[in-house]
Structures are given as structure tokens and as C-alpha cells.
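Chemist: Below you'll find the structure I mean.
The values are calculated or read from the model by the stated rules, or taken from the named source; none is laboratory data. Source: prediction; values computed, not measured. With ideal geometry, Cβ positions are generated from the backbone for all residues, glycine too; neighbour counts draw on all protein chains shown.
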Amino acid sequence: MTALSQLALVAPDWISAEETIRRTGWTERWLRAKAASGEVISREAPRTSGRTQREYLLSSLPRTAAPSQPATILPMAPLGPLFSGISAVSSYPVLLKDPEAQQQAAERNATIQPLIDFAADPRAFLHLRLPDGRPLDSQARLTEWILEQRNDGLTARTLQRWLARYRQGGFPALADRIRRDKGQSRWFARNRKAALLAAYLWLGDVDTRGDSVKLRGSRQSVSVIWQQIRAQAETLGLDPNDLPSYETVRAFLPQAVSPAISALAREGKRAYRERMAPYLIRGYTDVYANQIWVGDLMIHDREVANDVFTDQPLGAPVRVVLSAFMDYRSRKIVGASWAWFGGSSAINATILRAVIDFGPPDLFYVDNGKDYKKVAKGAASGFTFSRMGWEQIAPIEETGFIARIGAGVTHCIPRHPQSKGIERFFRTEHTGYDSLGANYTSGTPFTRPEATEEAMSRHRWLMKRGRVAESGHMPASTFILGCLQWISDYNNHPHTGEGMDGASPNQVFADNPNPNQKPAPDFTALALLMAEYKRCKVDSCGVRLNKRRYTPQPEDRQAWASMHHLNESEILVAYDAHDPEHAVACDLDGRPLAWLVAQAFTRFAPNDADVQAEIGQSMELRRGLEKATRLTIAAIAGEARAAGARNGEEMLFSRLQLPSNTSPVITQRKPRLRPNHNAVAPRTATQIAADILEDLK
């Protein structure tokens, strides 16, 4: 088992044949038949003494064979990315993608079929005779008969080897085995120090000061790494006539370092968590429309000229802030308002408009910002709001707007944008509306169009001279009216999200009314006032297949390690169209990697103990994978350092011959001495004597 496959093993994943028979009630012969057909996944157990035993994957057995007690999850261990790859459940493939391999397996299967049939019913071959008249009453004689029939140089030993492989791995095992070094660099396998240096420079150094491991990604390019390997060839013990080419280094790094490790080291924690870490998916059909509203603030990626905000100069450049609330069930934007900057007043205005149009929801789902906490002050947590009545609202100075309309509130996980569905709407708005016209800022100066930079500079130059009317900036009022129309089109456009079935948000909102919908409060109350196979790409440790998302079982940490290693890579997913609850992840050569299950939706019940436990388990898994990745990067850096690796800066300064006197290369002029016009003349003897006489009086 490789170092990578040692990630968080689960004790009861693999069980012996005796234990499997006890749990399933099968016979030993039926168990072997299930394993041969691929219905049950098996492997050779680590040999301690005696003959080799087989183990069977518990998650591939029927559900009735599962243990009643929960599995004990061991802590995460560091990953091992170099020369290890991922740990396949079986050394044989379960799918044959290559037509030549398929034909080869079929020919060999036809050859050994008599031996398979003989094991099932030996009497069926007694009517056949060898040339010397002996009956085929044993496997040895049947083997001899097959060889005489073929007469092509095939040996009995080869025939027995094919039969053993068939019994161990089924039909696909009859094809030639996959090369053990497939997908690996032979040059770097021979020169491990060079491989460690390449991975170290690619991932960057680590800061081990304190109690935690902090990554310091250097973002070195392949070209720089290639040059460093050649520059440090003597230190690495490399043959000058056997140095790697640039293409060898370029092909090696993606093979040795998984995308998950590269993302954390080179792009940072946020990119890793958004693209690599597993996450929960929530259900939408277990709530009614207008029952939950999800709210947030967003800054538009377009600069406009102010003509609506009276507290700012006319024509001032601004990126207006959108405050929006989206109905959780239908994705309908129920309320929107714009402000010069975000704040509780903008949120209150949005809620007020939405409540007037649709009535109050049962629950608000918002983030942990101080503005939302102010708006939610005094509101009940979760769905416990139903115990409150209008007459029980606390005094206005002790409550926020949400409490005043009798709704509950739940705050999302801090710094976790995946937990708020409205974030996806904001991304759609940025690309679907903000980017349509001129002065698109793109949200970051690094990707801002050059024309926008010029327009922004020109607008500010004209504003200083009182000539704002000559600027080409769109007025804020026009921009906001256009966005209102875009939101109206969005609410009427077909949606393909979970639970939408291609209907528009307006249709879903109208078709799923809340039977306990509260009417909009009157204006007096308002005044007080979210077996086939398919090639799939691994995303966040899971795959999407037939509109469903599949992930390993929560306790199967070995499977999570394999899927984590394959993030942003393509795999084969084997599945039964009549059993959508399960699937098997295989590599592109057909070797099984992990048992997958359809990911269940997390109920929208934040205060429910089971939901809290599910969220806690997911967060523990995320933290474990991230910690294991960090430890792997640290291990690579430590081993590379121990082997004598140096980074680019250290190599540069080791070659420099710095002069002891730097004055010849310093060109900064000395400051010119100037007279001090504020200097005060010293006191005269007469002034000093007068002060003494004054003190003696």
C-alpha cells in the first residue's frame, strides 16, 4: 500500500472471507463467484504467514452486511505524492477501454472456458477422449486436450496462469497487466533527489515556527525548476550527460504532485477549499416557496457616475452596492436595493420592499457580518420563531428588522461562501450584466480592461475641472434601472438547478406556495420595522453523473484520499442505470479506486442535532484532508532540504561575490545643507543678568 493510500484508514473496511460469509449468509463458493463477476470487490490480504488469504470490501457487500456499530475513523496521515499515485482497490481493471485488450481477453476467455465449465460440472466432459483414448476426467487431462486442440505453442503453465487471473479478477484480468510505471517518469524515479528538489521548488517552502505549519508558496515556473536542476546537478549527484529535458520536468510535476496539493501550496487556502475540499449539498424540495430567504451584499463590477445619492457629489465615480434577497426554494430574487455603500439601512430597505410584495418569510439565512447581525438582533434562531407572536416583539431599540416582522434567522458558516446559494446568483450577475457595457472593472485591477482604466482616469480628470457632463460614464440611475430589468429576466428564465426541473424561478415560486404563509403586516407594523461507465471529471472530491453527485462514504477515508488526489482529473465511473444510489470510481485504465454513493441532500434544519452532526463530520473531513496536504508539502520540503536542495534565492547568493565596500555602487546623493531660517539667537549677558535679578526680588 502506498503512502497516499494510508490516508485515514477505516478499521472495518476490509473483512475476511469467514466474516463475509457470516454477515451475508452466502456459501464460500457463491462468495467466490460474486468476486469473480466483480459484484463484490476483493483483494489479497497482507501475508503474515502461511498461504495467501483474501479480504472483501465491506462497502461493496449488500447493506444488510454492514456493521451495526459506527466505524472508528482514524486520524489523517500525510499524503505521499511522489512516485506513489493512488491506491487501487484491485491490481486488475474492472473495465477494458482498449478494443485490443478487450479482444485479447475474449480470446483467452474462450480458451479457458472448458476449464471453468469443468470446475462447475466435471461429468460433462467424460464423453471426450484424448488421442490415446484416455477420458477427460481430470483438469490436467482437460488442459492437455485444450493444448492439442490449439496446437500453437501454448503451454500448460500459461493456461493455468490465465485461469488463476480469471478467478482472481474476472474477465478483465485476462488482458495484459498495466505497466507498473505507467504515468511515471523513469528519469525522476532513478534520481529521487532531483524529484524532491523539483517538487520543493514547485510547492514552495514552509514556515514551521509556532504550533502550525504555514505554507509559503513560491510559484516557481517549470522553466526555473528545470534550470535549477541543471544548476544543482553536482549537488544532486546527476550525470552531466544524463540531465533531464525541459519536457521531462514539465510532464513530471503534474504526475508527481496532485492538483489538490498544488492548489493549496501555489494558490492558497481559499482556492483549495473552493475547488478541492468536499462539501455538502442541500436539498431544495423539502421547503416551500417564500419560506426561507437568503440574503447578502454585492459590489457591482461596473463604475458609474452618481446622480441618485444625495450624500455624495454629483457625478462622483462609484461602484454601487446591491443588497438582495433570494427565495431559497425557487431562486427568485424577491427583493433588491442599491446603496452608495452597504449597511443595515440598505438591508432593511430590501427586506421592506420584499415583505410588501410577498409577505414575510419564516426564516432568513444570512452571513455573520455586523450589518446582518444588527438587522437580526433579537430574532429567534432557526425555525423556533413560530413560538413568537406580533404582540411578543421586544421593544424596538432591542430588536432588528427581522425580529420585528416575526421571522427567525440562521447565520451561515463564517468564510464559507459555498453555504449561501445567493453567491452563485451574484456570479451570474457579474458575468451576465456587469460585463455587458463599458467601464467593466472585472472586480480586480489585474484583469481590468485597459479601456476601463483610461475611462476612469478621464472621468476623474473631468470631475476636478467641473466637466462631468463630458464623461462617458453611465449615470447610476440608468445602470440600476437596467439591472432591475435584468433581474426580471432572470426570474423568468428557465433554471437547471436542483429541484427546478427547467422551470423559471417565477414558476417554481408560484407552484410551491407556503401553506402557512403569513400575510404582509400592515403599514403600522411595517413602520416598526434563504453496469455502464462514463468519463467524469473529479470536482471537490466528487463527480456528477446523471444529475446526481457521487462521493465516497464519509467513513471510507482511503476512498476520500483517492478522490482528493484526483481532483480536477478525469476518471471512469462505472454504474448501473437501475441502481442510481451506487457507483464505482475507476482510473482511466479501468482499475477500481473507490466505492461511491449518491450524496444525500442536507436538510435545511440548522438547529437539528442530526444536521449539525452531518455538518461537523463534513468539516472534520475537510480539515483532515487539508492538514494531510499541508503535512505532505512540509515533508517534501524537509526531505528536499535534508538532501541538500536550495531554492533559487539561495543559489543566486551562493554564486555572488559581494564587495566589502559598497560605496562604488551607491549612487544616492547626500542631502544638501540648507540654513535654518527659524533659528533663535543665544541670550546675551545682559538678558541673563536681568533674569537673575528678577529671581532675587
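Chemist: I need the full set of residues from the range 291-320 which are acidic (Asp, Glu), touching a Phe, Trp or Tyr at 6+ places or on another chain (Cβ under 8 Å) and more than 30 Å from Pro519 (Cβ to Cβ), in order please. Break it down stepwise before answering.
Modeler: Step one: of the range 291-320, the residues acidic (Asp, Glu) are 296, 301, 303, 307, 311.
Filter again for touching a Phe, Trp or Tyr at 6+ places or on another chain (Cβ under 8 Å), leaving 296, 301, 311.
Selection gives Asp301, Asp311.
Chemist: Another one. Would you say Val249 is over 10 Å from the mean Cα position of the chain (by Cα), among the aliphatic types (A, V, I, L, M), assigned to a loop (DSSP other than H, G, I, E, B) and buried (at least 21 other Cβ atoms within 10 Å of the Cβ)?
Modeler: Numbers: over 10 Å from the mean Cα position of the chain (by Cα): yes; among the aliphatic types (A, V, I, L, M): yes; assigned to a loop (DSSP other than H, G, I, E, B): no; buried (at least 21 other Cβ atoms within 10 Å of the Cβ): yes.
Considered against the rule, which asks whether it is over 10 Å from the mean Cα position of the chain (by Cα), among the aliphatic types (A, V, I, L, M), assigned to a loop (DSSP other than H, G, I, E, B) and buried (at least 21 other Cβ atoms within 10 Å of the Cβ), Val249 comes out as no.
Chemist: I'd like the full set of residues that are among the aliphatic types (A, V, I, L, M), surrounded by fewer than 20 Cβ atoms within 10 Å (Cβ to Cβ) and in contact with an Asp or Glu (Cβ under 8 Å, 6 or more places away or on another chain), limited to the range 589-607. Spell out how you get there, then give the answer.
Modeler: Within the range 589-607, the subset among the aliphatic types (A, V, I, L, M) is 593-594, 596-598, 600, 605.
Now restrict to residues that are surrounded by fewer than 20 Cβ atoms within 10 Å (Cβ to Cβ): 597-598, 600, 605.
Scanning the range 589-607 gives Val597, Ala598.
Chemist: Taking the conditions exactly as written (closer than 21 Å to Cys412 by Cβ, among the aromatic types (Phe, Trp, Tyr), buried (at least 20 other Cβ atoms within 10 Å of the Cβ) and modelled with pLDDT under 90), does Tyr272 satisfy them or not?
Modeler: Working: closer than 21 Å to Cys412 by Cβ: yes; among the aromatic types (Phe, Trp, Tyr): yes; buried (at least 20 other Cβ atoms within 10 Å of the Cβ): yes; modelled with pLDDT under 90: yes.
Judged against the criteria, Tyr272 is a match.
Chemist: Related question: Residue by residue through the range 237-260, note down the ones that are over 30 Å from Lys627 (Cα atoms) and either touching a Cys at 6+ places or on another chain (Cβ under 8 Å) or of a type in the set (A, V, I, L, M) (or both).
Modeler: Once the filter is applied, which keeps residues that are over 30 Å from Lys627 (Cα atoms) and either touching a Cys at 6+ places or on another chain (Cβ under 8 Å) or of a type in the set (A, V, I, L, M) (or both), the range 237-260 yields Leu238, Leu243.
Chemist: Please work out which residue is farthest from the chain's Cα centre (by Cα), limiting yourself to the range 563-588 and to residues that are assigned to a loop (DSSP other than H, G, I, E, B) and surrounded by fewer than 20 Cβ atoms within 10 Å (Cβ to Cβ). Walk me through it before giving the result.
Modeler: Step one: of the range 563-588, the residues assigned to a loop (DSSP other than H, G, I, E, B) are 566-569, 577-578, 587-588.
Next, only the ones that are surrounded by fewer than 20 Cβ atoms within 10 Å (Cβ to Cβ) stay: 568-569, 577-578, 588.
Numbers: Glu568: 9, Ser569: 12, Ala577: 27, His578: 29, Leu588: 21 Å.
Filtering the range 563-588 for residues that are assigned to a loop (DSSP other than H, G, I, E, B) and surrounded by fewer than 20 Cβ atoms within 10 Å (Cβ to Cβ), the one farthest from the chain's Cα centre (by Cα) comes out as His578.
Chemist: A further question follows. Could you tell me how many of the residues in the range 457-508 are farther than 30 Å from Val287 by Cβ, in contact with a helix residue (DSSP H, G or I) (Cβ under 8 Å, 6 or more places away or on another chain) and outside any loop (DSSP other than H, G, I, E, B)? Step through it out loud before you land on a result.
Modeler: In the first step, residues of the range 457-508 are kept if they are farther than 30 Å from Val287 by Cβ; the result is 457-482.
Right, trim to in contact with a helix residue (DSSP H, G or I) (Cβ under 8 Å, 6 or more places away or on another chain) and you get 459, 462, 468, 470-473.
Still in the running and outside any loop (DSSP other than H, G, I, E, B): 459, 462, 468, 470.
Count: 4.
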